1. Looking at the range 56-72, is at least one residue within 16 Å of ligand 3 (Cβ to nearest atom), crowded, with 22+ Cβ neighbours inside 10 Å, more than 26 Å from Glu409 (Cα to Cα) and not β-branched (Val, Ile, Thr)?
2. Can you say whether Lys205 is of a type in the set (D, E, K, R), at pLDDT 95 or above and closer than 24 Å to Ala411 by Cβ, as far as the supplied structure shows?
3. Here are Gly360, Gly399: which of them is within 16 Å of ligand 2 (Cβ to nearest atom), under 15 Å from the mean Cα position of the chain (by Cα) and buried (at least 23 other Cβ atoms within 10 Å of the Cβ)?
4. Condition check: closer than 24 Å to Met140 by Cβ and polar (S, T, N, Q). Does Gln5 satisfy that?
5. Within the set of pairs 6 or more residues apart or between chains, which connect a residue that is closer than 22 Å to Ala373 by Cβ and among the hydroxyl-bearing types (Ser, Thr, Tyr) inside the range 63-85 to a residue that is more than 16 Å from ligand 1 (Cβ to nearest atom) and at pLDDT 95 or above with Cβ atoms less than 6 Å apart?
6. Hey, among the residues in the range 299-352 that are farther than 27 Å from Arg158 by Cα and in contact with a Pro (Cβ under 6 Å, 6 or more places away or on another chain), which one's surrounded by the most Cβ atoms within 10 Å (Cβ to Cβ)?
7. Look at the range 154-175 and say how many of its residues are of a type in the set (Gly, Ala, Ser) and under 15 Å from Ala134 (Cα atoms).
8. Please list, ordered by residue number, the strands (runs of 3 or more DSSP E) wholly in the range 1-120 having 3 or more residues that are modelled with pLDDT of 95 or more and basic (Lys, Arg).
Amino acid sequence: MKHGQNLRIDPDRLWDSLEEMAKIGPGIAGGNNRQTLTDADAEGRALFRTWCEAAGCEMGLDRMGTMFATRPGTDPDALPVYIGSHLDTQPTGGKYDGVLGVLGGLEVLRTLQAMEVKTRRPVVLVNWTNEEGARFAPAMLASGVFAGRHSLDWAYDRVDAEGKRFGDELARIGWIGEEEVGARKMHAMFELHIEQGPILEAEGKDIGVVTHGQGLRWIECTVTGKESHTGTTPMPMRRDAGRGMARIIELAHEIAMKHQPNAVGAVGHVEISPKSRNIIPGKAVFTIDFRSHLMEVLSAMEAEFHARAPGLCEEIGVSLETRIVGQFDPPAFDETLVGRVRAAAEHLGYSHRDIVSGAGHDACWINEVTPTAMIFCPCVDGLSHNEAEEISKNWAAAGTDVLLHAVLETAEVAE
Ligand code: HGY
Ligand code: MN
Ligand code: MN
């Protein structure tokens with residue numbers, strides 16, 4: 001029996017850390033509001049660093065504020081195995097989206113330390129900055145810079161709804177590191193994450209073996225009409241930007257419904273101005289979120305949208321401008337590493353099924369620069385990006401056990 005084959009993580013220690021982190025940046029309904037580069041994010045980072053140092057890790061920090069906790073291997077020249085996810089949350093987020101991947105990774109390092117298991121390759125635990133993209137679009141910003149998809153300067157120039165600049169906020173909370181972003185070379189990366197969908201729970205499966213992810217297009221639309229009095233302006237003379245927005249939101253839904261079950265589309269962020277009850281809106285700015293795991297479907301949705309949306313606006317006397325504010329093509333994860341995730345679930349006796357990730361993850365970008373795979377655990381009712389997001393301790397432990405064994409296999413247990 002190979003050394004470490006019967007290792008299991010400590011579910012209570014993991015759960016205690018999840019509960020401890022959830023106290024930082026509490027939401028208003030039992031979840032979290034620990035948005036990126038806020039004081040709450042800074043507090044969570046500090047706690048995470050303390051925990052990693054206590055687990056015997058050396059800390060690194062790059063210029064996007066991404067945190068790296070390294071557990072040395074017996075071969076310092078070997079490329080490390082990376083694990084991790086994100087600690088930032090949505091404004092009305094759950095306690096486990098991203099956090100399970102970071103603190104599950106910490107539990108793996110704590111288990112290796114406690115059981116005195118050495119690996120040939122170093123193991124590095126990552127907290128990626130601004131995965132959510134809620135405060136500073138786009139999502140997966142730091143991992144996107146790491147993968148060479150965005151420049152550092154472009155990322156630093158992202159602004160939030162109050163006009164605050166990403167680079168300034170990162171400096172304000174004191175988490176800008178010296179490391180060049182993307183300079184680190186990886187042997188492999190695994191990301192543990194909650195499914196954020198209903199399939200695993202509905203099928204009674206413990207583990208999702210993630211083979212692919214959905215590609216994404218965030219199309220920001222600006223509809224321009226003319227502000228005027230809601231009481232006195234004759235209906236035929238109105239140029240109502242709010243109506244234009246309503247038509248486009250309905251169009252996005254109609255296009256996604258044409259490609260079921262392989263597509264989704266919605267608008268989650270809208271700004272209407274001047275936002276007065278008795279002024280016809282002159283401007284509406286909103287973002288369409290189109291996704292599919294099939295490139296041809298994603299392209300078809302984008303093409304149909306651009307073919308039809310301008311006419312829907314012109315018909316009612318308003319104009320439309322669009323720009324892409326976030327995008328990545330459907331990722332296919334590394335077959336060897338996906339196989340190790342599947343084998344680990346088998347070895348541990350956990351039920352599993354292959355699955356496509358509906359959500360975007362840092363792993364989607366890192367998959368472009370190094371072999372990458374993901375592990376899903378179920379979540380209650382598939383609910384996420386909602387403060388009521390829930391998982392069970394058993395689900396968390398099963399996913400983290402699989403992460404542990406995928407790491408043992410890939411980092412190579414040293415005798
Ligand atoms: O948008 C996403 O899919 C991720 O949760 N940031
Ligand atoms: Mn996430
Ligand atoms: Mn999320």
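1. Taking the range 56-72 as the starting set, the residues that turn out to be within 16 Å of ligand 3 (Cβ to nearest atom) are none.
The answer is no, given that none of the residues of the range 56-72 is within 16 Å of ligand 3 (Cβ to nearest atom), crowded, with 22+ Cβ neighbours inside 10 Å, more than 26 Å from Glu409 (Cα to Cα) and not β-branched (Val, Ile, Thr).
2. Here the answer is no, as Lys205 does not meet what is asked.
3. The conditions single out Gly360.
4. no
5. Thr70/Cys57; Thr70/Glu58; Thr70/Pro122; Thr70/Val124; Tyr82/Val124; Tyr82/Met186; Tyr82/Met189
6. Leu337
7. Count: 3.
8. Numbers: elements: 58-61, 67-71, 81-85.
Per the criteria, no element qualifies.
The values are calculated or read from the model by the stated rules, or taken from the named source; none is laboratory data. Everything quoted here is computed from the prediction, not taken from an experiment. All Cβ positions, glycine included, derive from the backbone under ideal geometry; neighbour counts span all protein chains shown.
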